[in-house]
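What follows is a short report on a single structure.
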Amino acid sequence: MATDVLVVATEASNDGLARAATEAIGAGARLAGALGGELWVLAPAGVAASEAAELGAGRVYTYAPGAEVLSTVTEAAQLSSSRIIVVNRGAIGLDVAARLAARLSGGCVLGVTDVIVQGDDIEAIAAIYGGAARAQFRFVNAGPRVISLAPGAGEPPARQQGRTTEVVHIEAAGDARVRVMEPAKAAEGPRLEDAAVVVSGGRGLRDGENYGLIRELAGALGGMPGASRAIVDDGWAKPAEQVGLTGKIVTPDVYFAAGISGASQHMAGCSNARAIVAINTDATAPIFRYAHFGIVGDCLELLPELIRVAKERAASG
Amino acid sequence: MAMHIVVAAKQVLDPEGVNSYALWGRLTVDETQRSFTVGDVIPRIINAYDEQAMEAALRIRDSGVDCRITALTVGGGAATDVLKRCLAMGAEDAVHVDDTESDRADGFRTAALLAAAVRKMGDVDLVLCGRQGSDYDQGTVPGVLAELLDAALVTVAADVRATEDGVQVVRVTPQGLETVEATLPAVVSVSNEIGVARAPSARGMLDARRKKPAVYDSAELLTGAGGGVEVVRVFVPDVQGHCEMIEGDTPAERASRLLDALAKAGVLGGH
Ligand SMILES: Cc1cc2nc3c(=O)[nH]c(=O)nc-3n(C[C@H](O)[C@H](O)[C@H](O)COP(=O)(O)OP(=O)(O)OC[C@H]3O[C@@H](n4cnc5c(N)ncnc54)[C@H](O)[C@@H]3O)c2cc1C
Ligand SMILES: Nc1ncnc2c1ncn2[C@@H]1O[C@H](COP(=O)(O)O)[C@@H](O)[C@H]1O
């Protein structure tokens, strides 16, 4: 029996699908291939939907931006009768994935790092304890297997420019029980998630004022500042700057971790950086296990030097 | 009538403990392959987000709303510790759904038990959960619970207030803070952005000692399966490190060597 896969790709802007969505489509395509089924994609109508077609969707289900997501996804799942549903990572994981599974008498696993195909079924391996360990889950019900991926768990498929496909528009009823009174103001300016360089600081900065060094180095390198949760909790940095399991997921070319121990919950937000630089006084700090480049030393001595050299090079650049 | 708030709280292995055992290679798996051998060494604590859900409930009371707070947990005997914590913080009542199923990985089964317990209480207006358990990091219980109770769901709350006829919640979204209003009954999951939970007072701890949680039997509550997923095995992933150490006599030297190395690796500005 062929098993069809529906990818729920809601992470998108006016420019098209976000990385979280294209990774989910990649993982969905791989699963559909392995299970001999079709790949369906649900995406917001417009640029994102055309992009989904170019990424290989057999059919694209669309919805108007602002439509209620749970009923839209439920309808797409039913129309496509997909046995496997890959929901892109993001807010929708906590908000929709489990409810969808409950509604359709299935099961749900979030934070999936790997999917194992067994016959015509799957098992999902998920990051647990903030990424310190993994659990392999099996689904016990007949209903859909709903999964949401950990960052980097899917590879975006190659784009076939100009490819089109059948489009089915979904008009679902809203949920009157929850009303948005004041929407989030779309953050202005560049986003941490998209930055090519992220410079983060942790408790090793010793004092809130020293977070200024992090901002300055980030500025000098044309990047953005980030933080461990410890110093967000201490009020040294803003919640929007937190990197990690419960903060931002960043995928820069280079990630600086200054005075950060490297707890798995922090690494969950940055381990997909192309290069990780650790600066820590403790040579045995866990961060050095993840880092590609390391300096054992005091970040309060190194950051001013890095700022100076970076500025010099930018000026002579 | 007083608003009845239920706080659903879960007992978890201290995630910081699991973390350090994993890092030092001492997080081993028992013969069932489904749990860690350190279960007895690492302390079991109240899931921190659930403590913050309790804090959210107390803030609703502090704001002057006439309310009754019941702490609710599903678990084995030891799980009553989390109820004691909630009572000491200021909950009036506690309910223990006694469930020997040692593994709390199946949020669907847990949610079915919680829903049945909430129905048995009868008059619940608001269920506050944590955004996710710091054990399996799933966060599936609040959603399934809302579905089973046919209640409104609001996730990842940074602030929860009672209004005339519902709740007003400030949610943390990737785009920033969003304010929503939900009708009752509602399930709201609380995130760390709400701030640090208060410590129990000495008086609270004394009071808590005198209170006995009501015990509900899981077999009576749960007719039918109610499960959704099952853990086949747990394991610790390899963290493959190969870190190039940057040496140098002075911080200045190391700083410029580091930036050279990054430029050479092609990850930092071509200049
Ligand atoms: C459920 C849950 C979710 C979590 N989510 C997140 C999350 O999203 N993001 C996150 O970051 N954390 C998260 N955490 C917390 C995480 O487990 C760690 O506690 C936190 O990341 C530690 O922050 P830190 O590295 O800044 O501080 P510490 O662990 O205190 O480390 C400070 C480091 O600085 C070094 N140091 C000290 N002085 C200097 C100096 N002068 N120069 C250089 N180095 C120095 C020390 O050797 C040490 O390694 C979460 C925890 C839980 C339980
Ligand atoms: N065994 C349990 N008893 C009471 N509440 C629970 C239990 N498991 C989960 N919850 C609640 O559901 C939230 C999310 O948990 P989880 O879905 O397990 O990640 C927790 O923060 C608790 O508020």
Query raised in the report: If we keep just the residues of the stretch A:246-276 that are facing chain B (nearest Cβ under 7 Å) and either assigned to a loop (DSSP other than H, G, I, E, B) or touching a Phe, Trp or Tyr at 6+ places or on another chain (Cβ under 6 Å) (or both), which is surrounded by the fewest Cβ atoms within 10 Å (Cβ to Cβ)?
Result: A:274
Query raised in the report: Given the residues A:218, A:153, A:186, A:142, which is the only one that is under 30 Å from residue A:98 (Cα atoms), outside the structural domain of residue A:54 (by TED's automatic domain parsing), more than 16 Å from ligand 2 (Cβ to nearest atom) and not in a strand (DSSP E or B)?
Result: A:186
Requested in this report: Kindly list, by first and then second residue, each pair from a residue in the stretch A:103-125 that is more than 7 Å from chain B (Cβ to nearest Cβ) to a residue that is open to solvent by 70 Å² or more (accessible area, probe 1.4 Å) and assigned to a strand (DSSP E or B), limited to pairs with Cβ atoms under 7 Å and residues at least 6 apart or on different chains.
Outcome: A:125/A:114
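Specify which of the listed residues (A:257, A:263, A:275) is within 10 Å of ligand 1 (Cβ to nearest atom) and without any contact (Cβ under 8 Å) to a residue 60 or more places away in the chain.
After applying the criteria, what remains is A:257.
Sort out for me the helices (runs of 4 or more DSSP H) sitting completely within the stretch B:184-271 that have 3 or more residues that are open to solvent by less than 80 Å² (accessible area, probe 1.4 Å) and touching a strand residue (DSSP E or B) at 6+ places or on another chain (Cβ under 8 Å).
Result: B:251-264.
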Requested in this report: Within the stretch B:83-117, work out how many residues are of a type outside the set (A, V, I, L, M) and either within 10 Å of ligand 2 (Cβ to nearest atom) or in contact with a Cys (Cβ under 7 Å, 6 or more places away or on another chain) (or both).
Outcome: 9
Requested in this report: Would you mind finding the one in B:12, B:7 that is aliphatic (A, V, I, L, M) and under 30 Å from residue B:165 (Cβ atoms)?
Outcome: B:7
Query raised in the report: What about residue B:70, is it more than 11 Å from ligand 2 (Cβ to nearest atom), among the hydroxyl-bearing types (Ser, Thr, Tyr), closer than 17 Å to residue B:219 by Cα and not in a helix (DSSP H, G or I)?
Result: no
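Quick test for you: out of B:236, B:229, pick the one residue that is touching an Asp or Glu at 6+ places or on another chain (Cβ under 7 Å) and not assigned by TED's automatic domain parsing to the domain that holds residue B:19.
One residue alone meets the criteria, B:229.
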Query raised in the report: Of the residues in the stretch B:169-196, how many are facing chain A (nearest Cβ under 7 Å) and of a type outside the set (Gly, Ala, Ser)?
Result: 11
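The values are calculated or read from the model by the stated rules, or taken from the named source; none is laboratory data. Only a predicted model underlies this, so the values are computations on that prediction, with no experimental measurement involved. All Cβ positions, glycine included, derive from the backbone under ideal geometry; neighbour counts span all protein chains shown. For accessibility, only protein heavy atoms count, side chains too; no ligands or nucleic acids. Shrake-Rupley method; radii C 1.70, N 1.55, O 1.52, S 1.80 Å.
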